[in-house]
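Just so it is clear, none of the values below were taken in a lab; they were calculated from the coordinates. Quick caveat: nothing in here was measured; it's all calculated off a predicted structure. Here the Cβ is made from the backbone with ideal geometry for all residues, glycine too, and neighbour counts use every protein chain on show.
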Amino acid sequence: MILIECPFCGVRDHAEFRYGGDGSIHYPALDADLEHWHDALYLRENIDGMQLETWHHVFGCRQWLLVERDTVSHEISSVKPANNDIGVILDSALTDAGGGTFSSSVGSSPVGSGDASGSSHVPDNKKE
Amino acid sequence: MARYSAWSVFKNGLTGNRQWARAWRDPEPQQHYDVVIVGGGLHGLATAYYLAKNHRQSRIAVVEKGWLGGGNAGRNTTIVRSNYMLPGNREFYEHSLKLWENLSHDLNYNVMFSQRSHVTLMHDPGEMDVYARRYNIMRLTGSDSELWDLATLKKEIPHLDYSADARFPLYGAAVQRRGGSARHDAVAWGYARAADRLGVDILQNCEVTGFTRQDSRIVSLQTTRGTLEAGKVGFAVAGNTSRLWSMAGMGRLPIESHKLQAFVSEPLKPLINHVVSFAVGGALCYVSQSDKGGMVFGGDLDWYKSYAQRGNLPQVYDVAEAVTSMFPCLSRVKLLRHWAGVMDMSMDGSHFICKTPLSNLYLNAGWNYGGFKASPASGWYFADLIANDRPHSVIENHDLDRFRRGIIIDERGAGPDPKLHG
Ligand SMILES: Cc1cc2nc3c(=O)[nH]c(=O)nc-3n(C[C@H](O)[C@H](O)[C@H](O)COP(=O)(O)OP(=O)(O)OC[C@H]3O[C@@H](n4cnc5c(N)ncnc54)[C@H](O)[C@@H]3O)c2cc1C
Ligand SMILES: [Zn+2]
């Protein structure tokens, strides 16, 4: 089992996640030329070593994550939210709900610490 | 090296089987070869054989970093079928099946090809309609196909779960009688021996570590057994294709490497006489019984990209659940071994047998889960491509550039996500 330290939920088995794919791909603008779309859709570096990839925490917070993982040893070196602005979005949700801040523990920087407090700050529908 | 025959078995039996000659030579690398095939799996070995046999090429080497058949060749679940539907694929796989039917004779080596029927289980009328269409299209290419109703399925395979509370109630089956399985090691050894007899040098423990290029040509290959000059070079390295590709100084490919596991149980008395395959929603498994009695089965990929030849536990559970929901009688059978291989998953689930941006480099890759059955035709068409420096019409769209031309050979209709193809 690969253990993924979700910035929102803490350390979880990879079986809770769905693998997205190569996280280094930048999809071009909708009206970009065929060549750009061809490359983004069909060409892969297929790295043997540390690669950036997306995972979806389907059986958890349902957030997309950007994970740096070694494709040979499966070792994970960093996990962060795929949506850079997710901290800001959650902060405003928390402010609306009269809660604290979130962006201090989850942001665009790799998250390896503070996830326990992070998960306790995630808005909990059951409380509302 | 002598031909194998009933007489040779008898004669060697008289001398206690101590006089058998080795099956192929273990030559020292020559300095120059006309053709160097990288990868001593089934595809590389078959290519060398057909280059020598069909095209009378000489000075051919197959270089293999480990031992023959140590890659996916020796790790697969050995299912052979030709139930492909799309143009190009169906001619290719039907040709492959025809080559299988005569392979033991052609190679003078018993590959234990057993046409025990490939049975795809159906669970509802809609699925049956889809398969009726697919299997009728196969008939246009001369393949065989049958649809079984529930009564026939019950008679043929009595041990499936037909009970009222079955997890996946059965409706019928789509069947290819000429499908079946073969002994994977024997296929590797048979091609190796037959190629060797035609003069091909098989160089084991010979890893390619670099290339010397002159403009758009490969001049020589650096290997752990010295430098080899090559007139033409062919890659047939399955899950390692991207590694070799970047070693040769090229960029990205429409391929991702994923791992697929397979399993074998303790030996049982004869129980399943067919190859049985089951797929509903996200569950997939395929089961057959080996000649030694073990249940050989597999399922889906481990879902995340990997170059590791070892599997992960969640997929063991998933596949075991699928198998036992189809065959509840296997629920208490013990697993003996499980392992994984690195698959060259392509962007549309179909293969590449094609020229490359380098003028004397040819590519054979993108086999997904299906490259065992493809081995004979893969070697046949790859040899034809290398010898004639142009693709045969059957594989003319199986090139790297097809996506750019809008030609997507996607049997599953899964889209450009390699892990979703099978
Ligand atoms: C678990 C599993 C189950 C499968 N089940 C089926 C099935 O039921 N039916 C089916 O049709 N297909 C199946 N397949 C797919 C099939 O096994 C493969 O598509 C096929 O074997 C690939 O071709 P190959 O035999 O040439 O590859 P391989 O045997 O992998 O050969 C490639 C060779 O290249 C060598 N190599 C790599 N890099 C270098 C280098 N730098 N220098 C020298 N040599 C190098 C490797 O060592 C390897 O031996 C399965 C695969 C797996 C893993
Ligand atoms: Zn989470």
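Dividing the mean sequence gap of close Cα pairs (under 8 Å, 6+ apart) by how many residues the stretch B:307-364 holds gives a relative contact order of 32 percent.
When +1 charges are put on Lys and Arg Cβ atoms and -1 charges on Asp and Glu Cβ atoms, the dipole computed for chain B relative to its Cα centre reaches about 1000 debye. Helix screen, chain B: DSSP H segments with Cα axial length of 24 Å or more and mean Kyte-Doolittle hydropathy at least -1.0 are B:371-388. When DSSP beta bridges are restricted to pairs lying wholly in chain B, around 75% turn out antiparallel. Which of the aspartates and glutamates could a cross-linker span from B:Lys154 if the Cα-Cα distance has to be under 17 Å and same-chain partners fewer than 8 positions apart are dropped? Filter leaves B:Asp124, B:Glu146, B:Asp165. Oblate is the label for the stretch A:21-107, because a/c, from the alpha-carbon gyration tensor with a ≥ b ≥ c as root eigenvalues, is 1.5 or above and a/b does not exceed b/c. If you restrict to DSSP beta bridges whose two residues both lie in the protein assembly as shown, what percentage is antiparallel, to the nearest 5? Of those bridges, close to 80 percent are antiparallel.
The charge dipole of the stretch A:21-107, taken about the Cα centre with unit charges on the Cβ atoms of Lys, Arg (+1) and Asp, Glu (-1), comes to about 420 debye, rounded to the nearest 20. Loop-located trypsin sites (Lys or Arg not before Pro) across the stretch A:36-104 with a Cβ neighbour count of 12 or fewer within 10 Å are A:Arg62, with loop assigned by DSSP. If you take the Cα centroid of the stretch B:122-166 and the Cα centroid of the stretch B:59-82, the two points sit 32 Å apart. Positive contributions from Lys and Arg (+1) and negative ones from Asp and Glu (-1), summed over other residues with Cβ under 9 Å from the Cβ of B:Leu363, come out at 0. Sort out for me the Cα centre separation of the stretch B:184-245 from the stretch A:58-83, rounded to whole Å. Spelled out, the Cα-based centre of one part sits 37 Å from the other.
Near B:Tyr307, once Lys and Arg are set to +1 and Asp and Glu to -1 for all other residues with Cβ below 10 Å from its Cβ, the sum equals +1.
Taking each DSSP H run with n ≥ 4 as -39500 (n - 2.57) and averaging over every residue of chain B yields -8500 deg cm²/dmol at 222 nm. Over 21 Å apart at the Cα level, from the set B:Lys65/B:Lys259; B:Lys155/B:Lys292; B:Lys232/B:Lys419; B:Lys155/B:Lys269, are B:Lys155/B:Lys292; B:Lys232/B:Lys419. Simple rule: put +1 on each Lys or Arg Cβ and -1 on each Asp or Glu Cβ in chain B, find the dipole, and look at B:Val319, B:Ala194, B:Ala308; the Cα lying farthest toward the positive end is B:Ala194. Computed from point charges on the beta carbon alone (+1 for Lys and Arg, -1 for Asp and Glu), the dipole magnitude for the stretch B:8-122 about its Cα centre is near 260 Debye. Using the Cβ-Cβ distance between B:Ala21 and B:Ser246 with R0 set to 35 Å, the FRET efficiency works out to roughly 0.30. Comparing mean-square fluctuations of B:Gly44, B:Gly311, B:Gly282 from a GNM of chain B with C-alpha springs under 10 Å, the top value falls on B:Gly282.
The overall shape of the stretch B:1-43 is prolate: from the C-alpha gyration tensor, with semi-axes ordered a ≥ b ≥ c, the ratio a/c is 1.5 or greater and a/b exceeds b/c. Ranking A:His38, A:Gln51, A:Ala97 by how far each Cα lies toward the positive end of the dipole of the stretch A:21-107 (charges on Cβ) leaves A:Ala97 at the top.
Across chain B, Cα pairs under 8 Å and at least six residues apart give a relative contact order of 22 percent. With both labels modelled 7 Å from their Cα along Cα-to-Cβ, the B:Leu140 to A:Ala93 distance reads 5.1 nm. Restricting to DSSP loop positions (anything but H, G, I, E, B) with no more than 16 other Cβ atoms inside 10 Å of their own Cβ, which chymotrypsin sites (Phe, Trp or Tyr not before Pro) remain in the stretch A:32-87? Answer in residue order: A:Phe59. Restricting the stretch A:14-103 to GluC sites (Glu not before Pro) that sit in a DSSP loop and have at most 12 other Cβ atoms within 10 Å of their own Cβ leaves A:Glu75. With a 10 Å cut-off around each Cβ of A:36-43, the average count of Cβ atoms from other chains is 5.
When the protein assembly as shown is described by a simple charge dipole with +1 on each Lys and Arg Cβ and -1 on each Asp and Glu Cβ, the residue from B:Tyr135, B:Thr227, B:His258 located farthest towards its positive end is B:Thr227. Normalised by the number of residues in the stretch A:21-107, the average gap of Cα pairs under 8 Å and 6 or more apart makes the relative contact order 19 percent. The residues packed around B:His392, meaning those with a beta-carbon under 13 Å from its beta-carbon, carry a net charge of -3 if Lys and Arg are +1 and Asp and Glu are -1. Anisotropy class assigned to the stretch B:275-386 is prolate, per the alpha carbon gyration tensor with a/c at or over the 1.5 cut-off and a/b larger than b/c.
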